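A.B. asks: My questions will all concern the structure given below.
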Amino acid sequence: MTEIYDVIAEWLTKDFGKVTAVKDLELKVRRGTTFGYLGPNGAGKTTTVRILSGLLKPTRGKASVCGFDVYTQREQIKASTGLLPETPGVYSKLSAVEFLEFIGALNDLSGEVLMKRIDRLLSLLGLEGRQNDLLESYSSGMKQKVLVASTILHDPQLVFLDEPTSRLDPAASALVKEIIRAMAKETETTFFICTHMTDFAEDICDIIGILTNGVLTTLGTPQEIVENVDAKNLEDAYLKIVGGQVDRSKLLSWRS
Ligand SMILES: Nc1ncnc2c1ncn2[C@@H]1O[C@H](COP(=O)(O)OP(=O)(O)OP(=O)(O)O)[C@@H](O)[C@H]1O
Ligand SMILES: [Mg+2]
């Protein structure tokens with residue numbers, strides 16, 4: 001059986017003026033798998049996701065997403081993927097149901113199918129009873145839940161989640177994790193997840209990539225990465241690979 005890859009990137013590069021946000025990225029993500037993208041602030045994760053989801057053109061290199069080219073087939077990419085952006089906006093004067101109806105319509109969903117999906121997702125995420133309240137009255141975590149729902153509503157082939165658990169309480173994070181796990185197991189959905197939560201990534205990702213200064217330095221299963229650097233767990237491995245241990249004596253030196 002030939003393998004299908006929902007992401008194939010070759011020498012993919014993005015420059016912003018003098019800053020190279022992503023440099024010569026080589027990456028393949030197999031259909032139906034969950035890929036975790038880790039790396040320090042400013043490493044280039046969001047830039048990669050913006051390119052792969054059709055929002056931003058690369059400077060050079062090649063990439064295809066769900067079989068579509070990132071330069072010439074961005075509309076097809078948007079139709080086949082779902083994106084939870086890093087700093088999403090919601091229409092605050094819409095209710096959760098109205099917002100999801102709007103997102104559904106953008107993805108050619110309507111009628112009974114759409115309403116059933118919206119009802120089920122909102123109740124799964126514990127928002128039933130509040131579904132007709134305006135989003136401006138929601139807490140930030142409640143908005144994040146509605147955004148997660150909007151990302152998977154049209155059952156996309158590939159789901160990009162840029163820090164999905166930021167703003168979520170531990171129970172909601174665990175629920176999102178279970179939704180991802182169930183979709184990954186029972187459907188052929190591919191997930192591409194940027195996260196700083198190493199335990200979250202270790203739990204659900206088949207493959208992890210670590211990006212540092214725009215360069216993919218590490219790629220493997222969580223277990224391979226942990227074993228390669230003789231670490232206790234993925235957090236420990238990440239800190240060994242990326243650094244981040246600060247000399248204790250320096251911590252309060254800013255006061256003197
Ligand atoms: N629109 C832009 N214009 C100029 N520089 C940008 C732009 N977007 C990103 N950058 C730069 O590209 C680099 C990578 O940023 P990016 O947002 O991709 O990082 P990230 O890995 O998602 O970080 P974080 O973990 O903080 O979300 C940074 O140096 C950033 O300043
Ligand atoms: Mg980011």
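A.B. asks: On a straight-distance basis, which lysines could pair with Lys240 in a cross-link, Cα separation under 16 angstrom, same-chain partners fewer than 8 positions away excluded?
C.D. replies: Lys232
A.B. asks: Another question, then. Which lysines have a Cα lying under 20 Å from the Cα of Lys23, excluding residues fewer than 8 positions away in the same chain?
C.D. replies: Candidates past the 8-residue exclusion: Lys14, Lys45, Lys57, Lys62.
A.B. asks: Which entries of Lys28/Lys116; Lys143/Lys250; Lys18/Lys78; Lys78/Lys185 have Cα-Cα distances beyond 32 Å here?
C.D. replies: On the way: Lys28/Lys116 35 Å; Lys143/Lys250 39 Å; Lys18/Lys78 29 Å; Lys78/Lys185 23 Å.
Where the Cα-Cα span goes over 32 Å, the pairs concerned are Lys28/Lys116; Lys143/Lys250.
A.B. asks: Restricting everything to alpha-carbon atoms, can you work out Rg to Rh for the stretch 17-164 with a Kirkwood hydrodynamic radius? Before the final figure, lay out each step's value.
C.D. replies: Numbers: Rg = 16.6 Å, Rh = 16.6 Å.
Using only Cα positions, Rg/Rh for the stretch 17-164 is 1.00.
A.B. asks: Another question, then. With r defined as the distance between the Cβ atoms of Glu235 and Arg30 and R0 fixed at 30 Å, what FRET efficiency is calculated, to the nearest 0.05?
C.D. replies: E between Glu235 and Arg30, to the nearest 0.05, is 0.75.
A.B. asks: Just want to confirm a number: the relative contact order over the chain, from Cα pairs under 8 angstrom separated by 6+ residues, in percent.
C.D. replies: 24
A.B. asks: Distance between the C-alpha centers of the stretch 87-160 and the stretch 203-256? Whole Å please.
C.D. replies: First find each Cα centre; the distance between them is then 35 Å.
A.B. asks: Right, something else. Just for the chain, what percent of DSSP beta bridges are antiparallel, to the closest 5?
C.D. replies: Around 55 percent of the beta bridges assigned by DSSP in the chain are antiparallel ones.
A.B. asks: Say the dipole of the stretch 187-256 comes from +1 at the beta carbon of Lys and Arg and -1 at that of Asp and Glu; which of Thr187, Thr221, Ala231 then lies farthest toward its positive end?
C.D. replies: It is Ala231.
A.B. asks: Any chance you could tell me what percent of the C-alpha pair distances in the chain go past 26 Å?
C.D. replies: Working: 14176 of 32640 pairs.
Tail of P(r) above 26 Å: 43 percent of Cα pairs.
A.B. asks: For the stretch 45-146, with only Lys/Arg (+1) and Asp/Glu (-1) charged at the beta-carbon, what is the dipole magnitude about the Cα centre, in debye rounded to 20?
C.D. replies: With Lys and Arg at +1 and Asp and Glu at -1, about 560 debye.
A.B. asks: If a/c stays under 1.5 just call it rounded; otherwise compare a/b with b/c (prolate if a/b is bigger, oblate if not). Do that for the stretch 109-177, with a ≥ b ≥ c from the square roots of the Cα gyration tensor eigenvalues.
C.D. replies: The shape class here is oblate.
A.B. asks: Add +1 for every Lys or Arg and -1 for every Asp or Glu among the other residues with Cβ under 12 Å from the Cβ of Ile152, and state the total.
C.D. replies: On the way: positive: Arg117, Arg120, Lys145; negative: Asp155.
Here the count lands on +2.
A.B. asks: Evaluate the charge dipole of the chain about its Cα centre and quote only its size in Debye, nearest 20, assuming +1 on the Cβ of each Lys and Arg and -1 on the Cβ of each Asp and Glu.
C.D. replies: Details: 29 positive and 34 negative charges, 163 e Å.
Dipole of the chain, to the nearest 20 debye: 780 debye.
A.B. asks: Write out the GluC sites (Glu not before Pro) in the stretch 138-209 meeting two conditions: DSSP loop, and at most 16 other Cβ atoms within 10 Å of their Cβ.
C.D. replies: Details: sites: Glu178, Glu186, Glu188, Glu202; in loops: Glu188.
Within the stretch 138-209, the qualifying GluC sites (Glu not before Pro) (loop, at most 16 other Cβ atoms within 10 Å) are Glu188.
A.B. asks: I've got another one for you. Tell me the angle of helix 96-106 to the major Cα principal axis of the chain, expressed in degrees between 0 and 90 and rounded to the nearest ten.
C.D. replies: Relative to the chain, helix 96-106 is tipped by roughly 80 degrees.
A.B. asks: Separate question: Would you kindly state how much longer the chain becomes between Ser123 and Lys250 on full extension, computed as 0.36 nm times their sequence separation minus their alpha carbon distance, in nm to one decimal?
C.D. replies: 40.9 nm
A.B. asks: If you average the sequence gap of Cα pairs under 8 Å that are 6 or more apart and divide by the length of the stretch 132-256, what percent do you get for the contact order?
C.D. replies: 16
Only the coordinates and a few stated rules stand behind these numbers; no lab work does. Computed from a predicted model, the values in this text were never measured in an experiment. A quick note on method: Cβ atoms are made from the backbone with ideal geometry, for glycine too, and the neighbour counts reach across all protein chains shown.
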